[in-house]
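Read through the structure below, which is laid out as structure tokens, and then see the notes.
Nothing in this text is a laboratory measurement; each read-out follows from the coordinates by a stated rule. The structure presented is a predicted model; accordingly, all values stated were derived computationally and were not measured. Methodologically, a virtual Cβ is constructed for each residue, glycine included, from the backbone with ideal geometry; neighbour enumeration extends over all protein chains shown.
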Amino acid sequence: MTASVQNSSLNRDMLSRMDANDPLAPFRERFVIPESLIYMNGNSLGPLTISARDRMATAVADEWGSQLIRGWNKAGWYDIPWRLGDKIGRLIGAEAGETVVCDSTSVNLFKAVAAACGLRPERKKIVSEVGNFPTDLYVLDGFKRFAGDAFNVDIRPREEIADAIDAQTAVVVLTHVHYVSGEIFPMGEISRLAHDAGALIVWDLSHSAGAVVTDLNGSKADFAVGCGYKHLNGGPGAPAFIFAAKRHHAAMSQPLSGWFGHADPFRFTDDFEPADGVRRLLCGTTGVLSATALEAGVDLMLEADLHAMSEKAVALSDLFQRRAAESCGGHGLELRSPDDARQRGANLSYGHKSGYAIMQNLIARGVIGDFRAPDNMRFGFSPLFMRYTDVFDAVEILRDILESRSYEDSEFSKKHSVT
Ligand SMILES: *Cc1c(COP(=O)(O)O)cnc(C)c1O
């Protein structure tokens, strides 16, 4: 790209033309987003879809309200974990019958790690990354305690992960797209390293599903988990998903063996007999209303082209980075993400010593990102509803806040419980 083309692409009129020509632009109307907001947090809580709003209203009034218990059979409630799991599977490179929707990501991670360790009973080492999403590390710690401290949980910086995987390693547990930096692990390469050492791999796709082209089977992944309320737009606390490659189904088991993971829950027998296939990873009853909202979010996503979405997320994030470098230089912003937009998912972070206050000031001005301790301002790029001009306008507001130092106002340093 020549310098002149690059510069002209930073011009708002040109960005406006890019929005007008963007094949994904019509999707914006399918969301409920106040016109005055620039929402850069779809990576943390995806916005409400019009279809989720309508489906939820029907599920409450017509299904719960009038079908009552009959809804389990008549309204498709019973099938939702695997019906919706198969739909999510299409976004992450899984085959039908390899993914179910249930529980939270944390709980699913526990089940996946336990199932994977159970397939490598002679090995007692689990490898993960320093600075992985905290719940992932806490769950590994809990699993180790649950297993009577028999496991060594080896947490390494990214550049040492390959060396840490050895003949004692049962499982490697990594997050595909880092929650702060957005850095992407090369899924195929790490999976191969794990398999060459005889270990299994568990991927956390919380920041990947619906944002980054992900090919679980193409990379021979063993297990995966991920969030429903982030890029999949399932709503606050939406259920999560769990994937297991078909080759493991017959031998795998997991300790949260509740009745929904039973071969025939309505036989009501005293003994646990695992369901065939991925359903044995279920535990109890799924939150049907939440799963209904998630299904609407996923159905919308399946209408879009995932490659086009991923390309647009890269373009939006690259635009933000270039605009910020051009107009916010000299204000102490420190890029905490890979410099090349192709090496990060749909989120980008900057460190700043007043990062919390600056983010609160941005939010007060209608630019919603979030803050991740100790000092990271995080911005998400959701290709289905964000416009190129939104990115331009967000950086202009950021520049104004930095130049005027309006973030120094004490109202912006009040700490909220959720950052
Ligand atoms: C958001 C996120 C989670 C969230 O876990 P919950 O159990 O849904 O609260 C887990 N892992 C990663 C990598 C995340 O980004």
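A few comments on the model shown:
- Between 0 and 90°, nearest 10: helix 306-327 axis offset from the chain longest Cα axis: 40 degrees
- On Cα atoms only, tilt of 105-118 relative to the major axis of the chain in degrees: 50 degrees
- Top positive-direction residue, dipole computed over the chain with Cβ charges, set PRO338, TYR39, TRP82: TRP82
- FRET efficiency for ASP215 and ASP141, using Cβ-Cβ distance with R0 set to 45 Å, rounded to 0.05: 0.90
- Close amide H pairs (under 5 Å, H built 1.01 Å from N) link ALA75 with no residue at least 5 positions away or on another chain.
- The chain: Cα Rg divided by the 2.2 N^0.38 Å rule of thumb: 1.02
- Reachable aspartates and glutamates from LYS415, criterion Cα separation under 19 angstrom, eight or more residues apart if same chain: ASP370, ASP375
- Dipole check for the stretch 243-325: with +1 at the C-beta of Lys and Arg, -1 at the C-beta of Asp and Glu, and the Cα centre as origin, the magnitude is about 360 Debye.
- Partner aspartates and glutamates whose Cα lies under 17 Å from the Cα of LYS144, excluding those fewer than 8 positions away in the same chain, are identified as GLU122, GLU129, ASP136, ASP154.
- Candidate lysines for bridging to LYS312, where Cα separation is under 21 Å - those fewer than 8 sequence places away on the same chain excluded: LYS230
- Axis of helix 187-196 versus longest Cα principal axis of the chain: the two differ by about 40°, to the nearest ten degrees.
- From the alpha carbon centroid of the stretch 27-67 to that of the stretch 365-419 is 23 Å.
- Net length gained if the chain between ASN11 and ILE69 were fully extended (0.36 nm per residue, minus Cα distance): 15.1 nm
- Per-peptide average of other Cβ atoms within 10 Å, ordering 151-161, 237-247 highest first: 237-247, 151-161
- Taking the fewest neighbouring Cβ atoms within 10 Å as the starting point, the ordered list for HIS231, HIS331, HIS416, HIS176 is HIS416, HIS331, HIS176, HIS231.
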